[in-house]
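Worksheet: one structure, shown below.
Since every read-out is calculated from the coordinates, none of them should be taken as a lab result. From a predicted model like this one, the values you see are computed outputs, not experimental measurements. Note that we place each Cβ from the backbone using ideal geometry, even for glycine, and neighbour counts take in every protein chain shown.
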């Protein structure tokens, strides 16, 4: 029987969760508003777990991230979380031994986070003895090293997404400069900035053409077959701070790559798709060897070939005729434009604008301040509308 690889998608909110399930993720990982390494994501509350369970059904696994540093004064609150999540998640992703002990106490399966930097078989054996069902390996490993550890315990590895300059994540720059700890999920991403050197007399020079601390994004799609042979059971997409369009695009590409042997032309097409959403350029990470200066980004923000700009919100939706009205609050649009509608129940829907009406009269453009009618798939009042265009 052909092996089925798990594709694990990030869910920073309900739109991302819905679209991940819709386009083929086998599992999703998400955080709560506390104890999460992505405090800036919208995240979820414990009361959302029942709804999450309904969206995922019995086929899509649910992994809760509780992977921050935990202090003594928080242990009581953390234990209350465990009492409420039991039976509602398939596993907890963690690395703090106090959290692992709570997983053992409440008999909740756990996966060891990449924050633990597991880089060898002996460490893997240690966590396996504690009861770990899976280990998310350190990002500094090559494929040969991963293969060896996979003989000890099931392993999960990142296949796509942003890479911290500290790789496995224990960075102190944000804490040092802004008092916001990356290890508490509050990273301000100071590594992504451009920097200058200054001499004693105040003369400044910009440090090259690259953002010298900002790593390119990991992209394994061109050599995904090599990862399949390395003993990896779960392929993880980074991106709990990314939007539903990003999650949709990346999950689709990697679902196709995991389920098929892609031709060179198909790989080229999927890379074009991946380049259309947030990216700082692509790197193979450490999988094929030690990184070089070419693995640092030359942009401070995204170099995606497409971007989305906020238009407004859906005001009404008339399901019988498939028409909605949109209040244009920011960027206007015109016939022929591509829109996406994103919502907590809708997920994401794509729209090609074929006709625009105001009070039953056709108009060529929708301008800021207007409420216009357009053909829409099933969406909901309050959903956000965005214009997608080339950069």
Stretched out fully, how many nm does the piece from residue 389 to residue 301 gain, at 0.36 nm a residue minus the Cα gap?
30.0 nm
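Between residue 269 and residue 323, how high is the FRET efficiency from 1/(1 + (r/R0)^6) when r is the Cβ-Cβ distance and R₀ = 30 Å? Nearest 0.05. Display every interim value, and only then the final one.
Working: r = 33 Å, r/R0 = 1.11.
Calculated transfer efficiency: 0.35.
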Computed over the chain: longest principal axis from alpha-carbon atoms vs helix 244-259 long axis, angle to nearest 10 degrees, is 60
To test your reading of the geometry: what angle, between 0 and 90 degrees and rounded to tens, separates the Cα axis of helix 264-275 from the longest principal axis of the chain?
80
Given R₀ = 25 Å, what would the calculated FRET efficiency be for residue 226 paired with residue 122, taking r from the Cβ atoms and rounding to 0.05?
0.50
On a 0 to 90° scale, report how tilted helix 75-85 is relative to the longest principal axis of the chain, with both axes built from alpha carbons and the result rounded to the nearest 10.
60
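Report the full-extension gain for the segment residue 178 to residue 45: residue separation times 0.36 nm, less the Cα-Cα distance, to one decimal in nm.
Working: separation 133, 0.36 × 133 = 47.88 nm, distance 2.70 nm.
45.2 nm is the gain from fully extending residue 178 to residue 45.
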With springs connecting C-alpha atoms under 10 Å apart, model the chain as a Gaussian network and identify which of 252, 147, 352 has the largest mean-square fluctuation.
352
Select from 173, 163, 75 the residue whose mean-square fluctuation is largest in a Gaussian network model of the chain (Cα-Cα springs shorter than 10 Å).
75
Within 10 Å of each residue's Cβ, count the other Cβ atoms and sort 229, 62 from fewest upward.
229, 62
On full extension of the chain, what length is gained from residue 378 through residue 261, given 0.36 nm per residue of separation minus the C-alpha to C-alpha distance?
38.7 nm
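Could you line up 363, 385 from fewest to most neighbouring Cβ atoms inside 10 Å?
Details: 363 16, 385 29.
By the 10 Å Cβ count, ascending: 363, 385.
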With the label point 7 Å along the Cα-to-beta-carbon line of residue 197 and a cut-off under 20 Å to each amide N, the hits in segment 168-191 are 191
Can you grab the distance from the C-alpha centre of segment 48-100 to the C-alpha centre of segment 312-391, Å, no decimals?
37
Here the residues of segment 367-381 lying in the modelled label zone of residue 334, meaning backbone nitrogen under 20 Å from a point 7 Å along Cα-to-Cβ, are 367-375
Rounded to the nearest 5, what is the percent of antiparallel bridges among the DSSP beta bridges in segment 53-192?
10
With each label point set 7 Å from Cα along the Cα-Cβ vector, what nm distance links residue 77 and residue 151?
4.5
Restricted to the chain, the DSSP antiparallel beta bridge percent, nearest 5, is 60
Estimated FRET transfer efficiency (residue 88, residue 129; beta-carbon r; R0 25 Å; 0.05)
0.40
Evaluate the relative contact order of segment 5-71 (contact order divided by residue number), counting alpha-carbon pairs under 8 angstrom at least 6 apart; express in whole percent.
35
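Beyond 33 Å, what share of the Cα-Cα pairs of the chain remains, rounded to the nearest whole percent? Present the calculation step by step, with values, prior to reporting the outcome.
Values: 27775 of 76245 pairs.
Tail fraction, whole percent: 36.
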What is the packing order of peptides 313-325, 233-245, taking the mean over residues of other C-beta atoms within 10 Å and listing the highest first?
233-245, 313-325
Rg to Rh ratio, segment 306-390, alpha-carbon atoms and Kirkwood radius?
0.92
